[in-house]
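What follows is a set of notes on a single structure, which appears directly below.
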Amino acid sequence: MTIRYDQIYLHAEVDQAESDLFKQWLEDNHVSFVYLGYQDPRDNLHAISTWFADEPDFTSSPVLTFEQVMWEDPQSDDRYSKTKFAKSYSELPSDFLTFAERSN
């Protein structure tokens with residue numbers, strides 16, 4: 001069971017329509033995220049593909065990476081989480097907006 005989505009990063013190509021739409025969707029929904037914009041995101045996308053067991057072939061941006069936190073100890077920094085990704089907001093988990101960290 002998810003208790004929170006955090007460490008949300010949008011890996012994007014600067015001035016690319018799909019990246020701009022994803023960024024706008026996150027902003028419109030008040031999701032707290034870090035925007036990582038690149039003129040040429042290929043090296044960055046190749047690097048983040050190695051974070052996943054099946055090494056998805058990220059050939060184009062945008063890619064949103066985030067941590068799905070399923071358990072954490074309130075007394076320490078211990079937690080169980082899994083790194084996930086989505087290439088569009090339609091690929092996000094159905095509860096993403098409910099549990100994503102919010103911007104102020």
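Values in this text are rule-based calculations from the coordinates and carry no lab data. Everything quoted here is computed from the prediction, not taken from an experiment. Every residue, glycine as well, gets a Cβ built from its backbone with ideal geometry; the counts of neighbours run over all protein chains shown.
Put a plus charge on the Cβ of each Lys and Arg, a minus charge on the Cβ of each Asp and Glu, and nothing anywhere else: the dipole of segment 4-99 about its Cα centre is then about 100 debye. Taking a ≥ b ≥ c as the square roots of the Cα gyration tensor eigenvalues, the chain comes out oblate, since a/c reaches at least 1.5 and a/b does not exceed b/c.
Determine the gain in length on full extension of the stretch Ala53-Asp95; use 0.36 nm per residue of separation and subtract their C-alpha separation, reporting nm with one decimal. Please report the intermediate quantities before stating the final value.
Numbers: separation 42, 0.36 × 42 = 15.12 nm, distance 2.34 nm.
In short, 12.8 nm is gained.
Structure remark: mean-square fluctuation, Gaussian network model of the chain, C-alpha springs under 10 Å; the largest value among Glu13, Glu91, Glu67 belongs to Glu91. The HN-Hα couplings worked out from phi for segment 70-84 by the Karplus form 6.51 cos²θ - 1.76 cosθ + 1.60 (θ = phi - 60°) are 10, 7, 8, 8, x, 8, 8, 8, 5, 7, 10, 9, 9, 6, 10 Hz, whole numbers, x standing for Gly and Pro. Comparing mean-square fluctuations of Phe33, Phe52, Phe22 from a GNM of the chain with C-alpha springs under 10 Å, the top value falls on Phe52. Placing unit charges on each Cβ (+1 for Lys and Arg, -1 for Asp and Glu) gives segment 4-99 a dipole about its Cα centre, and among Gln7, Phe99, Val31 the Cα reaching farthest toward its positive end belongs to Phe99. Using a 10 angstrom cutoff on alpha carbons, build the Gaussian network for the chain and name the most mobile of Pro93, Pro74, Pro62. Its mean-square fluctuation being the largest, the pick is Pro74. Between Val34 and Thr2, the contour length at 0.36 nm per residue exceeds the alpha carbon distance by 9.4 nm.
Would any residue of segment 12-48 have its amide N under 15 Å from a label point 7 Å out along Cα→Cβ of Arg102? List them or say none. Answer for this model: 27-33.
Taking a cut-off of 17 Å between Cα atoms, list the lysines near Lys23, but don't count ones fewer than 8 places away on the same chain. Here the lysines satisfying the reach criterion relative to Lys23 are Lys87.
Just from its helices, what would the mean residue ellipticity at 222 nm be for the chain, if runs of 4 or more DSSP H residues each count -39500 (n - 2.57) and the sum is divided by every residue, rounded to the nearest 500 deg cm²/dmol? Spell out each step's value before the answer.
On the way: 3 runs with 24 residues, N = 104.
The helix-only estimate for the chain comes to -6000 deg cm²/dmol at 222 nm.
Of the residues Phe85, Ala17, Pro74, the one whose Cα sits farthest toward the positive end of the charge dipole of the chain, with +1 on the Cβ of Lys and Arg and -1 on the Cβ of Asp and Glu, is Pro74.
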